[in-house]
Amino acid sequence: MRAIGVTEFGGPENLQVLDVPEPHAGPGEVRIRVHAATVNPTDSGLRSGRYADPSSDEQGPFIPGADAAGVVDEVGEGSRWSVGDRVAAVVVPMRPAGGAYADQVVVPDASVLRLPDDVDFNAGSTFVMNALTARLVLDDLGLSAGQTLAVTGAAGAFGGYVVQMAKADGLRVVADAAEKDEELVRSLGADDVVGRGDDVAAHIRAKVPDGVDGLVDGAVQAELGIPAVKDGGVIGSVRGWSGEQERGITVKPTLVYDSVTRADLLERLEQQLADGVYTLRVAKVLPAERAEQAHRELEAGGVRGRIVLDFS
């Protein structure tokens, strides 16, 4: 079976086409014939060895990919899915079987959601991991309808889902954006859009003088955003930020891979996707064999939406 991955950690040039054994679904599992796999920042981390366990003697190959969309082609005993179902799934790429960059991928039933008929595989593959992460972060913050949330990196895939999800939760959203992205971020539903940069906290305070109740750090710049958060507020981080806490502000780190079998959350996301709550943004589609180019473009920055690898 074809997969894209590395046998040695390193740069994008280390990605190659691999021939790996065909997987099969076990009890409570489903196998997906992958049509599209999204390229996320975590993929470059796996490829480069950022997540490698130095005490492990695992030899690889190492296959990136946390998001897949396609058609169910095999079900295990007790599975709730049927052959032919159109689905998207979140995949844990650090597991021995590897991630979503493959013709077929096996995942637990609970890691899968049904795609609406009007959502194609390319768009569908961009959804689950980033949206699940956004849901977990917002749940960890524990804000209530009417409170105010600041979102940095709002033009990115994760940040965009946070904005739309927060609005669906009834929050007031203040989001940052570069000038070229202001219209995009407004279209996602942000109540106020401020300029991004080193003075982002001052811009947010100009809109919310008393400080925001919470901040989701989609731009990995929590230190810059702290002054925008009110005393006793809360910050959500997805990249392990551990800066100094002050003024009673709490930092809530979130790791999505701990919750990939939260069927309750995926069912909620599935319903909201069907209801049109979210905007799915595909920046570019490339053949799977051009994964090296996809990783280079992602790491260069400025991608709006997600680059997708075509495995059809």
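The values are calculated or read from the model by the stated rules, or taken from the named source; none is laboratory data. Since the model is a prediction, treat every value here as computed from it, not as a measurement. Ideal geometry is used to build each Cβ from the backbone, glycine not excepted, and the neighbour counts take in all protein chains shown. Heavy atoms of the whole protein, side chains included, go into the accessibility calculation; ligands, DNA and RNA do not. Shrake-Rupley method; radii C 1.70, N 1.55, O 1.52, S 1.80 Å.
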Quiz prompt | strands (runs of 3 or more DSSP E) wholly inside region 228-312 that include at least 3 residues being open to solvent by less than 80 Å² (accessible area, probe 1.4 Å), free of Cβ contacts under 8 Å to residues at least 40 places away in the same chain and under 30 Å from residue 47 (Cα atoms) | solution = 282-287
Self-check item: Number of the exception - residue 99 against (1) modelled with pLDDT of 95 or more; (2) open to solvent by 10 Å² or more (accessible area, probe 1.4 Å); (3) assigned to a loop (DSSP other than H, G, I, E, B); (4) out of contact with any strand residue (DSSP E or B) (no Cβ under 7 Å at 6 or more places or on another chain)
Solution: (2)
Quiz prompt | Filter result for residue 39 (under 13 Å from residue 100 (Cα atoms), surrounded by 18 or more Cβ atoms within 10 Å (Cβ to Cβ) and in contact with an Asp or Glu (Cβ under 7 Å, 6 or more places away or on another chain)) | solution = no
Quiz item: Quick check: is even one residue across region 215-223 farther than 23 Å from residue 142 by Cβ, modelled with pLDDT under 95 and crowded, with 19+ Cβ neighbours inside 10 Å?
Solution: no
Quiz prompt | Of all residues making up region 99-135, the number that are of a type in the set (Gly, Ala, Ser) and farther than 26 Å from residue 159 by Cα | solution = 1
Quiz prompt | Residues of region 45-62 satisfying the condition of being closer than 22 Å to residue 89 by Cβ and either open to solvent by less than 10 Å² (accessible area, probe 1.4 Å) or among the basic types (Lys, Arg) (or both) | solution = 45, 47
Exercise. Grab the strands (runs of 3 or more DSSP E) fully contained in region 107-217, keeping just those with 2 or more residues being over 30 Å from residue 73 (Cβ atoms).
Key: 148-152, 172-177, 192-195, 212-217
Quiz item: So which residues in region 261-290 are under 18 Å from the mean Cα position of the chain (by Cα), aliphatic (A, V, I, L, M) and farther than 20 Å from residue 184 by Cβ, if there are any at all?
Solution: 263, 265, 266, 269
Quiz item: Which of the residues spanning region 39-79 are at pLDDT 95 or above and of a type in the set (Lys, Arg)?
Solution: 47
Quiz item: Only one of these conditions is not met by residue 212: (1) within 30 Å of residue 285 (Cα to Cα); (2) in contact (Cβ under 8 Å) with a residue 24 or more places away in the chain; (3) open to solvent by less than 20 Å² (accessible area, probe 1.4 Å). Which number is it?
Solution: (1)
Quiz item: Assuming residue 14 fulfils every condition listed in (1) in contact with a Lys or Arg (Cβ under 8 Å, 6 or more places away or on another chain); (2) loosely packed, with under 14 Cβ neighbours inside 10 Å apart from one, which condition is it?
Solution: (2)
Quiz item: Exactly one of (1) under 18 Å from residue 154 (Cα atoms); (2) modelled with pLDDT of 95 or more; (3) not hydroxyl-bearing (Ser, Thr, Tyr) is unmet by residue 239. Its number?
Solution: (2)
Quiz prompt | One residue from 206, 177 being open to solvent by less than 10 Å² (accessible area, probe 1.4 Å), small (Gly, Ala, Ser), without any contact (Cβ under 8 Å) to a residue 24 or more places away in the chain and more than 22 Å from residue 254 (Cβ to Cβ) | solution = 177
